[in-house]
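The structure appears right after this line, and notes come after that.
Values in this text are rule-based calculations from the coordinates and carry no lab data. Only a predicted model underlies this, so the values are computations on that prediction, with no experimental measurement involved. Cβ coordinates were reconstructed from backbone atoms using ideal geometry, including for glycine residues, and neighbour counts include every protein chain displayed.
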Amino acid sequence: MTTAWLVLAVGDERQHGGNDGYDDDPSEHYSWDDTVPNHANLKVGDVIALWDKKQLLGLGVISEIETGSEVKNLYFCPVCKKADIKPRKRLKPAYLCNKCGAQFDEPGSKAKRVVTYRSKHGETWMDGRGLLTGAQLRALCDSPRSQLSMRAARWEKLRDALLAIEGVDFDDLDTGGEEQPGEDSVRKPIPGGHRMSNVRTRQGQPAFRKQLLKDHGEVCAFTGPTPAAALQAAHLYSFADAGEHRDWGGLLMRADVHSLFDRGQITVNPDTGCIEIAEDLHRYPVYFSLHGATPAITLRPEHEAWLAAHWRSHAPAQ
């Protein structure tokens, strides 16, 4: 049985114990400290699903957990001394205590050294914004009525809920690490080789892929003719930032090529128009054979512009 964690991620507004918030980047990492219940229970290999109380944001598999220490300011109710307080955006006084109901403009505060944690899951991130509602996610937790910001759940339940949604499917996920002793081999929720961090939402993704197949046929943009079942619709820009499927803003890529493209290990040099393969891939003939070749399709000016921006963003790592 694989453990999944439903964790709250609402940027600087996410608070526990009246602290100053956390520096979350949902598609890459999640931060917390030892003032949070369940703080020490998350482990490498667990599925982490992020939500904002209203909907699912996405999910991944924890590949690493960094720990540290820092001094944080903790805030509390000056009446009952409890930390269950919340700033109000429009009402006055500015704060309300959820424990005793006191209202006040200035909370009490104290400095405390805490143990900090940061999980990394960007390599296996799948953006699932809006696929499940807050109510659906709560029902999947081991304790559906829990108010904790980090709630235990079963990956199998989360997986089944997502698979029940039309148009959502998962490939096998290799976490990239060793299996934990005593753990069974499991299927994970990440498309094999396709890093989904460039997709804010799956709305329109099937239609986007269908259009690319119509434009280019069953052809990987870099390796040539490929069965449609092995092709993925790759955005040439960060769809997580743009939030829209732009005309001529994507190409079909084989799953492994797509993954390497997203990591900047496969690029197209705008000066030569040729494919460049990162040095650490040169020992793999299947990829090194692409080095210096031209793309397998005729590129439009829009493609060339996006690929040039992609090359510039990754050129220092070449």
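Assorted remarks:
- Förster radius 51 Å - calculated FRET efficiency between VAL71 and ASN269 (Cβ-Cβ, nearest 0.05): 0.60
- As a proxy for reagent exposure, GLU123, GLU302 were ordered by neighbouring Cβ count within 10 angstrom, fewest first; the result is GLU302, GLU123.
- Fewest-first sequence of ILE48, ILE297 by Cβ atoms within 10 Å of each Cβ: ILE297, ILE48
- Efficiency of FRET from Cβ geometry, ALA309 and ASP25, R₀ 22 Å, rounded to 0.05: 0.55
- Extent along principal axes [Cα atoms of segment 3-163; Å; largest to smallest]: 47, 33, 24
- Remark on segment 205-317: Rg and Dmax equal 13.1, 37 Å (Cα only).
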